[in-house]
Amino acid sequence: MKNIIDRHRKRGARWIDHKFTIMHFHLRHKSLFSLILSVFVLLSLKSSSVAAVPFTKTASRTFASINKQAPSLATSSTTTLTQRGGSTAVMTQESADLPSAVKLLIGAGGIYGAFLYYGSLQEDVFRYTAEDGTQFKQAWFLQVLEALANVVIGFIGMQLTGATKGIPQQMFAISGAAQVSAKACTSLALANGLSFPVATLAKSGKMAPVMLGSLLLGGASYSIREYLQVAAIIGGTAIVSMGKKKGESSSSTLGVAYIVLSLALDGVTAGFQKRLKSETAKAGVKPKPYDFMFWTNLYMCLSAVVVSLVLNEVGSGLAFCSANPEILSKIIKFAICSAVGQSFIFYTIANFDPLVLSTVTTTRKIFSVLLSIFLKGHSLSLTGWSGIALACGGIISEMTAKMGGKAKPH
């Protein structure tokens, strides 16, 4: 009799805990969606007053080339509007409501907050273990949800800022497919045992395949410093991968293979994005930031849907999330952070030079690595820490080189 009573008590406790989790989940996400709506209204108002510029999801790399075409987004927009309407136009761009320091705090703080949490959630998703011992492996299903969140925000922004007509779609489709494949391979690397710090450092070396492609296909040349930067990042990443303390699981061969494939796809994506810019220029159209966000993520989402259906990840992913509401909460927040982070990228590039954005996104990667090590229980030996220092040195060297190159023309 006592055993029966104990069983009923346990069932009741589990039922109460389950109901409390669901209620807490809904309350948290109501506040999250309210925050997103407020942020989006602010960003869309700022973005709508800025001249249309090409934008891709790999913003830190693309905006550097855009800056060569347009001297300054803020200056260009102010000059054009001043010719139309005098003082009112100046107030639109040189907004007196917030000083530059506060705007930088908003933009950089939003990027840091969204993408640091994004990285933490991504790691949590692939380290999660259910009660039966199974883990979440549906990387393509995760890309469907992430791209879908960006499509929604991109569509709303495109409607508020005005959609650009006549945009060539073919290169958007190819670029989107390549980009989502690179992101899926990163997730698959994490799902197959590669640690988050190693994966993040490795992705910081994406300039390596870009350089290789340019050398082989474009006849480009690079300085010794640029070669050393790439070597430092790659070498440091390799040292970190091998520098774990005893008892720590080593990175799997499959995980390493996926991150290498992701880097190769980054190089392919960069080539397609250059062609995308030339195609839009030939068509005589200038897509706005939210045009790029919507169309790129739409094709990313469609590509991910096709692959996930072929691999039967939609059904298995939904079943896993249904059985484990905790991971569903993390996945939803992960997708939301991606969309919010992109909106803060728009805000930052609308108010500052592209170099500022590049600096913020580059240093964010370093902080993501350090936060993962300190908060997620990664244990590194002295060799591992030396690898961290070497890779971070390469990343910082790349950033300072861009700053020096930007300063020379002035």
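The values are calculated or read from the model by the stated rules, or taken from the named source; none is laboratory data. This one's a predicted model, so the numbers in the text were calculated from it and none came from an experiment. Glycine also receives a Cβ, built like all others from the backbone with ideal geometry; neighbour counts cover every protein chain displayed.
Inclusion of ALA339 among residues that are buried (at least 19 other Cβ atoms within 10 Å of the Cβ), touching a residue at least 60 places away in the same chain (Cβ under 8 Å) and either closer than 24 Å to LEU201 by Cα or of a type in the set (D, E, K, R) (or both) is warranted.
Rundown of residues vs (1) part of a helix (DSSP H, G or I); (2) of a type outside the set (A, V, I, L, M); (3) touching a helix residue (DSSP H, G or I) at 6+ places or on another chain (Cβ under 8 Å); (4) modelled with pLDDT of 80 or more, yes/no style:
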position	(1), (2), (3), (4)
TYR222	no, yes, yes, no
GLY235	yes, yes, yes, yes
SER241	yes, yes, yes, no
GLY255	yes, yes, yes, yes
LEU261	yes, no, yes, yes
VAL268	yes, no, yes, yes
ARG275	yes, yes, yes, yes
GLU279	yes, yes, yes, yes
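Being part of a helix (DSSP H, G or I), under 12 Å from GLN169 (Cα atoms) and of a type in the set (Ser, Thr, Tyr) is a property that holds for THR296.
Examine the range 358-380 for a residue that is of a type in the set (Lys, Arg), in contact with an Asp or Glu (Cβ under 7 Å, 6 or more places away or on another chain) and part of a helix (DSSP H, G or I), and state whether such a residue exists. Working first, answer last.
Of all residues in the range 358-380, those of a type in the set (Lys, Arg) come to 364-365, 376.
Filter again for in contact with an Asp or Glu (Cβ under 7 Å, 6 or more places away or on another chain), leaving 376.
Cutting the leftovers down to part of a helix (DSSP H, G or I) gives us none.
Scanning the range 358-380 turns up no residue that is of a type in the set (Lys, Arg), in contact with an Asp or Glu (Cβ under 7 Å, 6 or more places away or on another chain) and part of a helix (DSSP H, G or I).
Looking across the range 354-406, the residues that are of a type in the set (D, E, K, R) and at pLDDT below 85 come down to LYS365, LYS376, GLU398, LYS402, LYS406. Determine whether ALA182 is within 25 Å of LEU298 (Cα to Cα) and outside any strand (DSSP E or B). For ALA182, the condition - within 25 Å of LEU298 (Cα to Cα) and outside any strand (DSSP E or B) - is met.
Looking across the range 257-294 at every residue that is touching a residue at least 40 places away in the same chain (Cβ under 8 Å) and of a type in the set (S, T, N, Q), the one that is surrounded by the fewest Cβ atoms within 10 Å (Cβ to Cβ) is identified as THR280.
Listed here are the helices (runs of 4 or more DSSP H) enclosed by the range 53-149 that have at least 2 residues being at pLDDT 80 or above and buried (at least 21 other Cβ atoms within 10 Å of the Cβ): 100-127.
Taking the criterion of being outside any helix (DSSP H, G or I) and at pLDDT 80 or above, would at least one residue in the range 331-345 satisfy it? No: the range 331-345 contains no residue that is outside any helix (DSSP H, G or I) and at pLDDT 80 or above.
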